[in-house]
Amino acid sequence: MISINDIDKPFIDKLFEKTDDIIKRGGSKGKCRLNIHSDKILVNAFFEPSTRTQLSFESAMKSLGGSVINFNAYTSSLKKGESFKDTIKTLSIYGDIIVLRHPQTGSAKEANEYSDVPVINGGDGSNEHPTQALLDLYTIYKSFDNNLNTVNTILFVGDCNNSRTIRSLIKLLHLYPHISIYFLPYSGCNPSEDMLHSISHKQNIQTNILDKNQPIPYHLFDVIYCTRLQKERIYTMKQQDRSRTDIVITKEILNKCKNNVIIMHPLPRIDEISTEIDNEPNSVYFKQMEYGVKIRMALLDLLLSR
Amino acid sequence: MISINDIDKPFIDKLFEKTDDIIKRGGSKGKCRLNIHSDKILVNAFFEPSTRTQLSFESAMKSLGGSVINFNAYTSSLKKGESFKDTIKTLSIYGDIIVLRHPQTGSAKEANEYSDVPVINGGDGSNEHPTQALLDLYTIYKSFDNNLNTVNTILFVGDCNNSRTIRSLIKLLHLYPHISIYFLPYSGCNPSEDMLHSISHKQNIQTNILDKNQPIPYHLFDVIYCTRLQKERIYTMKQQDRSRTDIVITKEILNKCKNNVIIMHPLPRIDEISTEIDNEPNSVYFKQMEYGVKIRMALLDLLLSR
Amino acid sequence: MISINDIDKPFIDKLFEKTDDIIKRGGSKGKCRLNIHSDKILVNAFFEPSTRTQLSFESAMKSLGGSVINFNAYTSSLKKGESFKDTIKTLSIYGDIIVLRHPQTGSAKEANEYSDVPVINGGDGSNEHPTQALLDLYTIYKSFDNNLNTVNTILFVGDCNNSRTIRSLIKLLHLYPHISIYFLPYSGCNPSEDMLHSISHKQNIQTNILDKNQPIPYHLFDVIYCTRLQKERIYTMKQQDRSRTDIVITKEILNKCKNNVIIMHPLPRIDEISTEIDNEPNSVYFKQMEYGVKIRMALLDLLLSR
């Protein structure tokens, strides 16, 4: 589980089926606890902080009955100068599976070579975040009656340049070429070359980048996916562009959308979506977070059961 | 479990009965481990550091067979600007119950509105700390043969102005109006208006604030409850009052007390109680800490079993 | 489990036998999980950072089915001024066994007096690290067909002055006087007086300190034990000696050694051993780390089963 390139449709079908089953077993309260991996230890190896990903995996593993060891490398004795290889070899001794979050592109792939146990990429720099892409896709799938064939358009709003989340989901959507991809970027946040290239094989790029100063055809989209400005990555932007969120999904905008549109967000949200629509059935961002735990349970189960 | 105002006598009776049972099951070693909530996850949500409360709940939950996820918000990516509401909604997805420690008054009540799972107030600013009050009351109850009717007087020594601990216990003692409350404050630490008001309906305030420069009638008290100077909250005190502990419970003082007096302290202790009396049967502060784990086990069990 | 002085051969035999059994049960994957202490809580009490020791004990305890509470005193409310005694008494309430890491010599012994539960010394200052010595000895034992009688010589390379690891293993080797001890120190890192004294009863000290500027008789040694320069403890060294690692075990050196020599290292490694020999059967440093978890499992089991 290193790169989205390794994921194919049969794997997704299997993973989604297992996730459906986990949700079914959870019942009405939404808490599914299975005591099936009580003899397993997950090592959360975080070389940069990411509370949400870390807690989500921790909750998933504990919901399977397993144990979790948190290794926060950014506060640890790594300062002593140990190599990445030695650290990973050591961590693979402590547990049965590793979730790796690291600021450098390719670090998950590298770790997988060193580790004696499976490695899950929990985000490697600005590169990929495969489990986020999977939970996003699963959220779309569940919201449209377990049928991705009925979804035709997705609009990415916000920081289309720097978002690892957007990049990862677009990569995964390669498997579903019938879904058209649109961008509505903040000022100074146009999609990067690699993202445009990533969709160029199937779509007319020009018409797919919307201008926030023109009327937006909100009624066209099945999915609206918002992202926050990646403040930690904007140092290369021009001063005047280092602005605030300049597109906010409000009740007024929601009223212009399809009836069954879904509004997504990887969270944390700052002000990209008005809280006034939090209780609308279209707002699925908290559901999305919940599915995150469930899809990670399913993924851990698949990898630990090998 | 948000405010002491919500606690009534039937609840206390039920909680104490369950705690008695847990202690009985623990046997002579004092360690009771029940494997009754192995399918449950507690989220320790700490927005300010409080090692003792956090570890006590962690020990309690693990003693019930359950899992714990520690979320230390003061070190986390909360900095990204997420709202309190979104954070609480997220945490309620990760677990089955939340313990909240937060520097702001009213935060626990607010969290309870947002959360899909029960919230326990683990201290909200200078306001309340209900589980501390419960463990304190339980310590008195156990020390007097499971009978609060035989307890008539309690003396609070120390920082009577700022102590959340004192405020919380006094609130809980409203349910036991036969217990008279006395204060023996450090210099500059007289009881605050709200605390005096809190006991004014039943007692003569004037006579109940003792002057440390006068002889103290130590023989009057069934319970002596010491607190340390809240260093983190003394910035508003006059310079000359920002002093040291100026009343220390020594062997000499203990000799002036009732035979069966109990000496309590919420810990950590700095120098409010001389270590020379640590082994006296009257010194129950470590017992008190032990009861803290047990009462939290009982409380968690009640809330998780609903 | 406070001092190596308390360890005798019958205890070692029992511990190694149990560890052998744990490894056997682990099977080919090397992960042994026993669900035998699910009702027990280990408290990792770390008064200075030591990621490796902490994680190793955490992995060991969780592999026995138990729970772990991590108490990192260097970040906690200890700052409030609580005494060491009060802290230890409190921690002994939260769990069934304590692992203590502390910067001061003698702290483990002191803690053991205060605690109501067993204390394991996880390193007290520059003094001792008994479980490290045990895992080191076990690594030698396993590498020589479970027979320490066939081991005659050990060479310590590196920081022979400050290394708690070396000091501890030498102490433990008192029980095996047939093993000769040699030093090959970095510049400015000659063995300290106490270490020399420690071996003086049986060996000719003069001939046992090798000079790195002379030819080294690598072919003599059964075990080569490398250590890194203790950067955190070199402030008393002369400026010109605060150098880098100046002896590196390379493929070239390995070729001069006995066929069945083993190369050990407590890790983390900086550059004391060239990575080019990582895959040689002689390089047992990662194995050594793995044995660390196993020996700690065995030790915890012995102490918790009393």
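The values are calculated or read from the model by the stated rules, or taken from the named source; none is laboratory data. Model, not experiment: these values are computed from the prediction. Methodologically, a virtual Cβ is constructed for each residue, glycine included, from the backbone with ideal geometry; neighbour enumeration extends over all protein chains shown.
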Away from chain A (no Cβ under 14 Å), acidic (Asp, Glu) and out of contact with any Gly (no Cβ under 7 Å at 6 or more places or on another chain): is that true of B:Glu82 in this structure?
no
Failed criterion for A:Thr139 (all others in (1) touching a Leu at 6+ places or on another chain (Cβ under 9 Å); (2) within 14 Å of another protein chain (Cβ to nearest Cβ); (3) crowded, with 23+ Cβ neighbours inside 10 Å hold)
(1)
Hey, does region A:92-106 have a residue that's over 16 Å from A:Leu42 (Cα atoms) and either buried (at least 18 other Cβ atoms within 10 Å of the Cβ) or over 25 Å from the mean Cα position of the chain (by Cα) (or both)?
yes
If I filter region C:12-21 down to residues being surrounded by fewer than 21 Cβ atoms within 10 Å (Cβ to Cβ) and not basic (Lys, Arg), which single residue comes out as farthest from the other protein chains (Cβ to nearest Cβ)?
C:Asp13
Against the definition (in a loop (DSSP other than H, G, I, E, B), of a type in the set (Lys, Arg), within 23 Å of A:Thr87 (Cα to Cα) and not assigned by TED's automatic domain parsing to the domain that holds C:His174), how does C:Arg52 come out, yes or no?
no
Within region B:45-70, the count of residues that are out of contact with any Leu (no Cβ under 9 Å at 6 or more places or on another chain) and more than 8 Å from chain C (Cβ to nearest Cβ) comes to 4
Of C:Lys287, C:Lys251, the only residue that is of a type outside the set (Ser, Thr, Tyr), surrounded by fewer than 18 Cβ atoms within 10 Å (Cβ to Cβ) and facing chain A (nearest Cβ under 10 Å) is C:Lys287
Restricted to region C:31-41, and to residues that are buried (at least 18 other Cβ atoms within 10 Å of the Cβ) and over 18 Å from C:Thr19 (Cβ atoms), which residue is nearest to the other protein chains (Cβ to nearest Cβ)?
C:Asp39
Please pick out the residue among B:Arg269, B:Arg306 that is under 22 Å from the mean Cα position of the chain (by Cα) and at pLDDT below 95.
B:Arg269
May I ask you to verify whether C:Thr131 is away from chain B (no Cβ under 12 Å), surrounded by fewer than 22 Cβ atoms within 10 Å (Cβ to Cβ) and of a type in the set (Val, Ile, Thr)?
no
Can you confirm whether region C:47-58 contains a residue that is farther than 24 Å from B:Asn279 by Cα, modelled with pLDDT of 95 or more and in contact with a Ser or Thr (Cβ under 7 Å, 6 or more places away or on another chain)?
no
Positions within region B:252-305 being of a type in the set (D, E, K, R), part of a loop (DSSP other than H, G, I, E, B) and in contact (Cβ under 8 Å) with a residue 60 or more places away in the chain, in sequence order:
B:Glu272
Could you please find all residues in region A:253-306 being among the acidic types (Asp, Glu) and over 25 Å from A:Gln214 (Cα atoms)?
A:Asp278, A:Glu280, A:Glu290, A:Asp301
Look at region C:119-149 and say how many of its residues are in contact (Cβ under 8 Å) with a residue 40 or more places away in the chain and in a helix (DSSP H, G or I).
14
Going through (1) outside any helix (DSSP H, G or I); (2) within 13 Å of chain B (Cβ to nearest Cβ); (3) under 30 Å from A:Gly66 (Cβ atoms) one by one, C:Asp116 fails only at (3)
